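Below is one structure, written out as structure tokens; comments come after it.
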Amino acid sequence: MPVSRSAVADSYARLSEVLPGLGITELGAGDEVPGGGGWTAAASLAEGGAGLESFLAWDDAQVVRDYGQRARPDVVASFGLHRYAWPACLLVTVPWFLHRRVPRYPVTHVAYDRTAPGLPLGRMAARPEGFACLPGDPAAALPGARVVADEEALRAEVRTSVAEHLEPVLAGFGPRMRRRGRALWGMATDEVVEGLWYVAHLLGEQERARQELELLLPGATRPYVGTAAFRELKGPDGRPLHTRDRASCCMFYTLRPEDTCATCPRTCDADRVNKLLAATV
């Protein structure tokens, strides 16, 4: 496989093809992480101060605009964390899934702008600090490469990379969400699994993603909570319908109790089947 100017450029280009609503700009070694305008530095979210307050004001206004009511402060914070962590996890999991390369992103190396026109999922700017790859990968010759022994060692790199980036972010959000420890890492686990599972569907590789994620999160991989938690339901015609059991709750039920997602812990299997069938129509 030819190596482009960086180990992850091809992965992000492919991600942009299937998910054009999310923009990703890879920063070079000498590039500053952007600030000002609509940009929010991940480090400012981790600090939990004015930067986080300004970030969450967007979520508060969005709830009022879209649902005509105010959400509790902890619910607003939960929405805000989801909207940051979902694309942030893709920075790591997509290069792993597509090209078996795992970049590291310290919290000081990433910024997020969700106000960019034409990008409903926002845009991220990120500067990798090295990456892991497998023996025989042409990218091993690039600066910052670290070759690991095998697939399991590379999965460990994924878990470590995501945790390294999210741990300080969770610490910033946690007090506002009124959650700690296991509850916060349950949300992180869900973002890892559901983000890649969604992108894999767009790539036409959902089955491979389920298999890969089950190996990535087999259980007892702290700080993550539980397994990838996929399971199979049967539709009325007997055909399989794939779902999973979230490790956390996104709190959307506090706004629309009747409109929970198909993987919500509060959604019974009969309702899950109906929601999954409706999504395929």
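The values are calculated or read from the model by the stated rules, or taken from the named source; none is laboratory data. Treat the numbers as computed from the prediction; the structure is a model and nothing was measured. Ideal geometry is used to build each Cβ from the backbone, glycine not excepted, and the neighbour counts take in all protein chains shown. The protein model used for the area step is the full one, side chains on, heavy atoms only, and it has no ligands, DNA or RNA in it. Shrake-Rupley method; radii C 1.70, N 1.55, O 1.52, S 1.80 Å.
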>> Please pick out the residue among Arg146, Arg65 that is within 29 Å of Arg222 (Cβ to Cβ), of a type in the set (Lys, Arg) and not in a loop (DSSP other than H, G, I, E, B).
In response: Arg146
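Does the stretch 220-232 hold any residues that are open to solvent by 60 Å² or more (accessible area, probe 1.4 Å) and over 18 Å from Trp197 (Cβ atoms), and which are they?
We begin by selecting, within the stretch 220-232, every residue open to solvent by 60 Å² or more (accessible area, probe 1.4 Å); these are 220, 222, 227, 231-232.
Hits for the stretch 220-232 are Ala220, Arg222.
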> Tell me, which residue of the stretch 51-75 that is of a type in the set (A, V, I, L, M) and open to solvent by less than 10 Å² (accessible area, probe 1.4 Å) is farthest from the chain's Cα centre (by Cα)?
Replying inline: Val63
> Which numbered condition trips up Glu17, out of (1) at pLDDT 95 or above; (2) surrounded by 14 or more Cβ atoms within 10 Å (Cβ to Cβ); (3) over 19 Å from Ala188 (Cβ atoms)?
Replying inline: (2)
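For residues in the stretch 1-48 being part of a helix (DSSP H, G or I) and of a type in the set (D, E, K, R), which is nearest to Ala163 (Cα to Cα)? Break it down into steps so the answer makes sense when it comes.
The initial filter retains those residues of the stretch 1-48 that are part of a helix (DSSP H, G or I), namely 9-18, 42-47.
Then keep just the ones that are of a type in the set (D, E, K, R); that gives 10, 14, 17, 47.
Values: Asp10: 24, Arg14: 24, Glu17: 27, Glu47: 17 Å.
Selected residue: Glu47.
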> Quick one: what pairs do we get from the stretch 193-207, first residue over 16 Å from Cys89 (Cβ atoms), second at pLDDT below 95 and surrounded by fewer than 19 Cβ atoms within 10 Å (Cβ to Cβ), C-beta under 9 Å, 6+ apart or different chains?
Replying inline: Gln206/His242; Glu207/His242
> Which ones in the stretch 186-236 are of a type in the set (Ser, Thr, Tyr) and part of a strand (DSSP E or B)?
Replying inline: Thr227
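Every residue, every condition in (1) basic (Lys, Arg); (2) surrounded by fewer than 18 Cβ atoms within 10 Å (Cβ to Cβ); (3) touching a residue at least 60 places away in the same chain (Cβ under 8 Å); (4) closer than 29 Å to Arg70 by Cα, yes or no:
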| site | (1), (2), (3), (4) |
| --- | --- |
| Lys234 | yes, yes, no, no |
| Arg244 | yes, no, no, no |
| Tyr253 | no, yes, no, yes |
| Arg256 | yes, yes, yes, yes |
| Asp259 | no, yes, no, yes |
| Cys268 | no, yes, no, yes |
| Arg272 | yes, no, no, yes |
